[in-house]
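What follows is one structure encoded as structure tokens, with my remarks underneath.
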Amino acid sequence: MTQAPIHKTMTASDWALLIALSVVWGGSFLFVGIAVKELPPLTIVASRVGMGAVALLAVLRLMGLQLPRTRQAWAAFLGMSILNNVIPFTLIVWGQSHIASGLASILNATTPLFTVIVAHYLTADEHLTGQKFAGVLVGFFGVAVMIGAAAMAAWDTSILAQLAILGAALSYGFSGVFGRRFKTLGIPPLATAAGQVTVSSALLLPVALIVDRPWTLGLPSTEAILSLAALGLVSTAFAYLIFFRLLARAGATNVGLVTFLIPVSAILLGVLVLGETLAARHVAGMALIGAGLILIDGRAVSALNARFTGKRLAPRGNG
């Protein structure tokens, strides 16, 4: 069976999928922001991965695929579930119980900054270049601007919540490097997604039952229940389906553009639905993080260099 070619240049349908993915993942911050007002963090995270696992396993069955049964594969699922689901989901939900969803989404956008640092030390073929290092510095300067020096001196709950979101981004950075092993194991990407959320469910459901004792909680509102369902079915299961379809069509580099769009979606949804506002330093920090990501991505810089070089060389050619 011939695999469809990857589009080096994004087509209109690729861009549509990318924007849809940014809205779906950006919406997760909105759904968490609604659910966390009534439910404890572990219950939210366990419900998210549990529903996501059921949906993805159903999709696998419909496609005639199965999860691998080797010990090596399930050990990899365990590692990925901890780094990509258990740690970051829990930290993000706890963090959002103290800060706005838009701010959380901006801080989460630092994931590529952490990824390039982790990859530099843990891989043999993804070392930091001067341009990427500059991007990391600019991005983390943006984080410092967002948090603020005066706020750091206070060390209140808001600061701890922001650090929790950064911890989640760091965990995602490790998961990005750890996840490279699934290609060598020959496990299909959709099976990887289903396997990791299945293991995450097995880890989190018992902990949520013991710690939160959800049967003692009051009945949540319809809004909170729908937000939980959206987290599991839309922002997890459906998001993975879009992600892997786009990955096959446009490649990993183009899919990485979603990092720039998620905060925009999350902020717009937070403002329109939750009535959130961002301080001037948050906007300035977001701009700096965006500039850092542009440097790390490199394409915009290369295009500008090529255009500038072309303009400089053109007069000589005509002379």
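The values are calculated or read from the model by the stated rules, or taken from the named source; none is laboratory data. A quick note: this is a predicted structure, and the numbers were derived from the prediction, not measured. A quick note on method: Cβ atoms are made from the backbone with ideal geometry, for glycine too, and the neighbour counts reach across all protein chains shown. Just the protein is used for accessible areas: all its heavy atoms, side chains included, with ligands, DNA and RNA removed. Shrake-Rupley method; radii C 1.70, N 1.55, O 1.52, S 1.80 Å.
Name the residue farthest towards the positive end of the dipole of segment 181-312 from the options 190, 231, 207, assuming +1 on Cβ of Lys and Arg, -1 on Cβ of Asp and Glu, about the Cα centre.
In segment 181-312, that residue is 190.
Need one word for segment 1-132: rounded, prolate or oblate. Basis is the Cα gyration tensor (sqrt eigenvalues a ≥ b ≥ c); a/c below 1.5 gives rounded, then a/b vs b/c decides.
Rounded.
Ranked highest first by average number of other Cβ atoms within 10 Å, how do 69-78, 100-109, 83-92 line up?
Going from most to least packed, we get 100-109, 83-92, 69-78.
Rounded to whole Hz and in sequence order, give me ³J(HN,Hα) for segment 271-286 from the Karplus expression 6.51 cos²θ - 1.76 cosθ + 1.60, θ = phi - 60°, writing x for Gly and Pro.
Taking θ as phi minus 60°, the curve returns 5, 6, 9, 9, x, 7, 9, 10, 6, 4, 5, 5, 5, 5, x, 4 Hz for segment 271-286.
Name the shape class, rounded, prolate or oblate, that the alpha-carbon gyration tensor gives for segment 52-124, where a ≥ b ≥ c are the square roots of its eigenvalues, rounded holds for a/c under 1.5, and otherwise prolate holds if a/b is larger than b/c and oblate otherwise.
Judged from the Cα gyration tensor, segment 52-124 comes out oblate (a/c at least 1.5, b/c at or above a/b).
Using 1/(1 + (r/R0)^6) with R0 = 45 angstrom and r between the beta carbons of residue 62 and residue 127, what's the FRET efficiency to the nearest 0.05?
For R0 = 45 Å, the calculated efficiency reads 0.60.
Classify the chain as rounded, prolate or oblate from the Cα gyration tensor: take a ≥ b ≥ c as the square roots of its eigenvalues, call it rounded if a/c is under 1.5, otherwise prolate when a/b beats b/c and oblate if not.
It comes out oblate by the Cα gyration axes.
Using the Karplus equation 6.51 cos²θ - 1.76 cosθ + 1.60 (θ = phi - 60°), what ³J(HN,Hα) coupling, rounded to whole Hz, does each residue of segment 289-304 give in order, writing x for Gly and Pro?
Each residue's phi maps through the Karplus curve to give 4, x, 5, x, 5, 5, 5, 5, 4, x, 5, 5, 5, 4, 5, 5 Hz.
Quantify, in whole percent, the carbon and sulfur part of the accessible surface of segment 1-145 (1.4 Å probe; protein heavy atoms only).
Looking at segment 1-145 in its full context, I get 68 percent from C and S.
Compare the Cα positions of 22, 123, 309 along the charge dipole of the chain (+1 at Cβ of Lys, Arg; -1 at Cβ of Asp, Glu; about the Cα centre) and return the one farthest towards the positive end.
Selected residue: 309.
For segment 103-118, in order, what is each residue's ³J(HN,Hα) by Karplus, 6.51 cos²θ - 1.76 cosθ + 1.60 with θ = phi - 60°, in whole Hz (x at glycine and Pro)?
The phi angles translate into 5, 4, 5, 5, 5, 5, 5, 6, 3, x, 5, 5, 4, 5, 5, 4 Hz.
Could you give the size of the charge dipole of the chain about its Cα centre, using +1 on the Cβ of each K and R and -1 on the Cβ of each D and E, expressed in debye and rounded to the nearest 20?
Using only the charged Cβ atoms, the result is roughly 1040 debye.
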